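Report on the structure given below.
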């Protein structure tokens, strides 16, 4: 097996075999395949795509490149969320504590900025003294004691994705749907969460500029999660205008604290609640938070004060979704 033949197969619009995928992911992780060679393969994938079988095998190979975590010792059901990102998207910051307060454990293994927006870890590093790297033991202790943790994936979790993630950012291959789907789902499946809610952004401020591409990405990730035994659902949410009133790491942290304190911009509050309800519903029946927690997610007590007549609901398409699409309206000034 050699990398040139793998590149040529995809360059010529062929289907990569299981053996080719397993070999190239392992060889790249070990350093036997150079960055410039993997860059050429990533560009070929961007231009020519992958079928479902290839994407599933690529994801499995990235999972197999490292360890898998296990949260079965926790007394709470685990439920996680991932967003494809957009301008002003700080939803993870208030969402994790909210869902934890309702009885679930939220293991948020987050990432850096990819493209033009800051990632969750970049935002939190605006807090002096906060650190992104936790050991597996530290992560479990926080989850057990607090119910929510946001940290970086350890070096042992899908290390192939860690290398490829950085490469995509500097080679113009960020938008490749097979690579986005496999990157996200390899980490989430290896993480060991019981259920997963995906917030797939679509619009001018997101990687997915049109609804068809967003639907393709959402369906691909839902299929990968479901086939791996993770209860997975995706929402398509509008990113044609920035979320909230601020953009910038420290500013977005401050805005998230305002949401947790009962205030904050209406669109951030509404999307946080919408995703929290999905995380509650996605948890396995036997391990779901109680009915009181379900009502708590939906009754809006996270923002208890009157936000006035300008408040509108965040409207999104749940995958599988109908062909209709509603844009989120901005609050009146």
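Please report how far the C-alpha centroid of region 16-39 lies from that of region 211-236, rounded to the nearest whole angstrom.
Region 16-39 and region 211-236 have Cα centres spaced 25 Å from each other.
Can you give the percent of C-alpha pairs in region 117-202 whose distance is more than 15 Å?
68 percent
Could you please tell me the mean projected area of the C-alpha convex hull for region 1-114, averaged over all directions and given in square nanometres to one decimal?
Spelled out: convex hull of the Cα atoms, projected over all directions, averaged, 9.3 nm².
Which order do the peptides 172-184, 223-235 come out in when sorted by mean C-beta neighbours inside 10 angstrom, highest first?
172-184, 223-235
How big is D, in µm² s⁻¹, for region 3-49 by Stokes-Einstein at 37 °C and 0.692 mPa s if Rh is the Kirkwood radius over C-alpha pairs?
314 µm²/s
Only the coordinates and a few stated rules stand behind these numbers; no lab work does. What you are looking at is a predicted structure, and each value in this text was computed from that prediction instead of being measured. Don't worry about glycine lacking a Cβ; one is built from the backbone with ideal geometry, like all the others, and counts go over all protein chains shown.
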